[in-house]
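The values are calculated or read from the model by the stated rules, or taken from the named source; none is laboratory data. Not measured: the values here are computed from a predicted model. Cβ placement follows ideal geometry from the backbone for every residue including glycine, while neighbour counts extend to all protein chains displayed.
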Amino acid sequence: MSYYISTTLKNTDFSDAIEKTVAALKEEGFGVLTEIDIKATLKKKLDADFYNYTILGACNPGMAYEALQAENKIGTMLPCNVIVQERESGIVEISAVDPAASMMAVQNDSLAGIAIDVREKLTKVIQNI
């Protein structure tokens, strides 16, 4: 089982890819709680050059609430990370965590259905970008 869901956009501007990703997330009921610019962070902290790479912390409040009611420590796996990375100019890959894969580590049967529902929504996000 893969731990992520992914798509690649060609001839795309990196910032446009982030905007498209945020819009697709919104369509499926997710908000972006955090946005981490890895390239800028590595440059600032390590003076290291890196390619365009942003982590979006996406959350669907209703599903997060449902998961937290089923498992009070599930917040260690929230929000759902979605990455946008440009390793080659104009070619941008967008990948989302597969929550069903990550939830396998949590031995709580009541989370399985929630994880599958979130996976379906994130799959739609990736397909609609």
For the stretch 67-90, what are the residues that are acidic (Asp, Glu) and modelled with pLDDT of 95 or more? Glu86
Scope the stretch 43-76; condition more than 30 Å from Asp13 (Cα to Cα) and not charged (D, E, K, R); matching residues: Gly62, Met63, Ala64, Tyr65, Ala67, Leu68, Gln69, Ala70, Asn72, Ile74, Gly75, Thr76
Inside the stretch 100-123, can you point out the residues that are surrounded by 13 or more Cβ atoms within 10 Å (Cβ to Cβ), of a type in the set (S, T, N, Q) and not in a helix (DSSP H, G or I)? Asn108
